[in-house]
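First comes the structure, then the notes that go with it.
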Amino acid sequence: MNFELKALSLAAASKLRTDTLIVLISDQFQAGQDPLSALISKAIKAKDFSSKSGQMLQAYASPGISASKVIFLGISKGTPQDIKSGLNALIPSLKASETQALCLVSTDSGNAQRIQSLLVSLADGTYVYGTTQSKPVSRSLRQVTLALPSVTAALETAFKTTVAMIRGIELAKEWANRPANHATPSMLGKAAQALAKSAAISCEVLGPKDVAKLGMGSFMSVAQGSAEPLRFIVLKYQGGAKTDAPTVLVGKGITFDTGGISLKPAPEMDEMKYDMGGAASVLGVFHSLSQIKPKINVVGLIPACENMPDGLAVKPGDVVTSMSGQTIEILNTDAEGRLILCDALTYAERFKPKAVIDIATLTGACVIALGAVRSGMFATEDDLAHRLQQAGDDANDLCWRLPLDDAYSEALKSNFADVANVGGRAGGAITAAKFLHRFAKKYPWAHLDIAGTAWKGGAAKGATGRPVGLLLHYLLSQASTATKSPK
Ligand code: BES
Ligand code: MN
Ligand code: ZN
C-alpha cells in the first residue's frame, strides 16, 4: 500500500479527480463556501447524516465535485477511538467495492496522533494475509492519499513515522499469521537476516552448537523434542554513537507450542502458531527502525524453537541448568516461554543495556486478567513503567502494569532445583514474570505479556501486529530525549 500526504482545502478537495473521496466530519465541522460543504450541510439539515462516529453517507457524481464517489464519515470528537470506530464502519464497503485508491480528507489538520490513528486503523482494517493460499489474495486498496488543510514539518514527520510503523506492524502480522511449517526457527532467522540488508542493521543467527557453547541449557531443553533445529537471533540497530547503551528487546519465538509432554488439548491448538508473536514484534520494530532511522541503539534477541512432545523431549520433573547457572525444575513443559526467555535475558547482560524489555505470549492467565484490550506490563523501575504506559497510550496500543512483589515467588519453590518453572494457577501471569525476574537482575527490566493482545479470535481470526506500536513509541521517545541538548 502506498501512502501520500497532501495539503488540500475542502474547496480544493472538491476539484480533486479521484475515484473515492472520503471526507471526515467531526463534531466541530464548520461549513465553508465549497460544494462539499454545501452537500454535507444539506444532509445534516435533512437529518440524513450526523458527525457521530461511524455515520456514513455516500454520494455519486455530485455537482461541483470531481470525484466520482464521495463518502462522508462521522468521527465524533476525533479521538483515536472515534476514528477507529468510524473507519471500522467504512471498511466493509471499501472491501466490497474493491476500492483501489482513495483520498481521506480531514477538515482540520489535527495533530500527529490524528494522522496515526487514521492511517493505522485504515491499514489494519484492510490488511489481508495472502502467503499460503494457492491463488494470490491481496488487499485491493493500493493508494491512500491523506489530505489536510495544511501540512507542517511536524505533521510531515508524523506521517513518515506512521507509515514506517505500519510497515513494521504488517511484517509482524505476516510472521505471526504464517503457519508453523511456513515459519520455522530457521525461516525466522532468514527473515531477520533479510532485515540486515538495511545499512543500520546487522544480524547474527546462532544454531544449536553455538547455543550449547553459551550454556543455554534451559533454552536447549525446550528445543530438544523437535526435529527443527533451534535458532538464536541477534539483531542490532545502530543509529546512535557506538558508546550509547542500547535498549534490548527480547521476543519469545516459540514457532509452535504443543505444550510438549504436558500436551495441550486439541481445540484451538492451531492458534499456538502465534506463540512467536513476541519475536514477530521484534522483527517488525527493526523493520520500522530501518526506515525511521532514529539516533538510538537497539538490540533484538529472539530465541526460536518448537515445543514438541517426543521420545527425546524434556519431561516433567527434569532439572536443567540455565546460562545463568541457576538450575530449573521443569514441572510443566507447557511453561516453555520462560525457559527460552531466561537464557536470552542472561545473554542480554553483555550489552550493558539501558533497559531490557521482553515481549512474550507468555500466559493464558494474562488473557484471563486483561483480555484482548491491554497487554500485561511488568517493570522493575517506575520510570520505565510510566514510559511504557505512555508509549502504549500514544500508540493506542495499550498496556497495564501488574505487580512484581517478591511474595509471588513463593509459588516457584522447588525441592530439587533452585527454582520451579511453574507456580499454581493463582496469579499465573505474575508468577511467570517473577520467574523471569530472577534472570533480569543486572539492568532495568520490563516484561510485556501479549498472550491476549497479539492475536484475535473469531471470524477475523489473525495476528494484530501488537505491540509494535507501543515499542516504537517507547524507543522514539528515547530518541527525542537523547537529542535534547543539556542546558
Ligand atoms: N503460549 C502459552 C500461553 C498462551 C496461552 C498464549 C493462550 C496465548 C494464548 C504458554 O506457553 C503456556 O502454555 N502457558 C501456560 C503456563 C502454565 C502451564 C503455567 C498457560 O498459560 O496455561
Ligand atoms: Mn506453553
Ligand atoms: Zn507458549
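Every number in this text was worked out from the coordinates using simple rules, so none of it is lab data. All values derive from a computational prediction rather than experimental measurement. Cβ sites come from the backbone with ideal geometry, for glycine too, and all protein chains shown count toward neighbours.
Shape class for the range 254-358: oblate, because the ratio a/c of the largest to smallest gyration tensor axis (alpha-carbon atoms, square roots of eigenvalues) is 1.5 or more and b/c is at least a/b.
On average, how much area does the Cα convex hull of the chain cover when viewed from any direction, in nm²?
Mean projected area for the chain: 24.7 nm², to one decimal.
Placing +1 on the Cβ of each Lys and Arg and -1 on the Cβ of each Asp and Glu in the range 226-344, which of Gln238, Ser226, Val298 has its Cα farthest towards the positive end of the resulting dipole? The Cα lying farthest towards the positive end belongs to Gln238.
With a Förster radius of 51 Å, plug the Cβ-Cβ distance of Ala12 and Lys242 into 1/(1 + (r/R0)^6) and report the FRET value to the nearest 0.05. For Ala12 and Lys242, the calculated efficiency is 0.60.
Using a/c under 1.5 as the rounded threshold, could you call the range 1-106 rounded, prolate or oblate? The axes a ≥ b ≥ c are square roots of the C-alpha gyration tensor eigenvalues, and prolate needs a/b larger than b/c, oblate otherwise. Note, shape of the range 1-106 comes out rounded. Along its three principal directions, the equivalent ellipsoid of the range 105-217 from the Cα gyration tensor extends over semi-axes of 36, 20, 11 Å, largest first.
What does the helix-only formula give at 222 nm for the chain: each DSSP H stretch with n ≥ 4 adding -39500 (n - 2.57), the total divided by the residues, and the result rounded to the nearest 500 deg cm²/dmol? Working shown, then result.
Working: 14 runs with 173 residues, N = 487.
-11000 deg cm²/dmol, from helical runs alone.
Our coupling estimate for the range 248-254, obtained by passing each phi through the Karplus curve with A = 6.51, B = -1.76, C = 1.60 and θ = phi - 60°, is 9, 9, 10, x, 5, x, 7 Hz, Gly and Pro reported as x. Relative to the longest principal axis of the chain, what angle (0 to 90°, nearest 10) does the C-alpha long axis of helix 185-195 take? The two axes meet at around 50 degrees. Compared with the dominant Cα axis of the chain, that is its longest principal axis, helix 337-348 is turned about 90°. Per the Cα gyration tensor, the range 331-381 maps to an equivalent ellipsoid with semi-axes of 23, 17, 7 Å, ordered largest to smallest.
In degrees from 0 to 90, rounded to the nearest 10, what is the angle of the helix 35-45 Cα long axis to the longest principal axis of the chain? Helix 35-45 sits roughly 80 degrees off the main axis of the chain. Of the chymotrypsin sites (Phe, Trp or Tyr not before Pro) found in the range 382-455, those in coil by DSSP whose Cβ has at most 12 other Cβ atoms within 10 Å are Phe416.
For the range 403-487, what does the alpha-carbon gyration tensor say about shape, rounded, prolate or oblate, given a ≥ b ≥ c as the root eigenvalues, a/c under 1.5 as rounded, and a/b over b/c as prolate? Judged from the Cα gyration tensor, the range 403-487 comes out oblate (a/c at least 1.5, b/c at or above a/b). One Cα centroid belongs to the range 350-377, the other to the range 300-316; the line between them spans 20 Å. Across the range 83-92, coupling constants 3J(HN,Hα) worked out from phi with the 6.51/-1.76/1.60 Karplus curve, θ = phi - 60°, read 5, 4, 6, x, 5, 4, 6, 7, 4, x Hz, and Gly and Pro carry x. For the range 225-300, list log₁₀ I(q)/I(0) at each q in 0.17 Å⁻¹, using the Debye formula over Cα point scatterers of equal strength and ignoring solvent, two decimals each. Taking Cα atoms of the range 225-300 as identical point scatterers yields -0.73.
Between Arg401 and Val373, the FRET efficiency from the beta-carbon distance, with R0 = 22 Å, is close to 0.95.
Around the amide H of Thr258, modelled in the peptide plane, lie the amide H atoms of Asn307, all under 5 Å away and 5 or more residues distant in sequence or on another chain.
How would you order 190-202, 468-480 from highest to lowest mean count of nearby Cβ atoms within 10 Å?
468-480, 190-202
Computed extension gain for Lys295 through Leu214, at 0.36 nm per residue and net of the alpha carbon distance, reaches 26.1 nm.
Of all trypsin sites (Lys or Arg not before Pro) in the range 76-126, which ones are in loop regions per DSSP and have a Cβ with at most 12 other Cβ atoms within 10 Å?
Lys77
The distance from the alpha carbon centre of the range 422-441 to that of the range 197-212 is 29 Å, rounded to a whole number. Across the range 386-436, Cα-Cα distances exceeding 14 Å account for 57% of all pairs. Modelled label positions at Ser150 and Tyr60, each set 7 Å beyond Cα in the direction of Cβ, lie 3.9 nm from each other. Near Trp445, the amide H atoms lying under 5 Å from its own belong to Val356, Thr380, Glu381; only residues 5 or more places off or on other chains count, and H is placed 1.01 Å from N.
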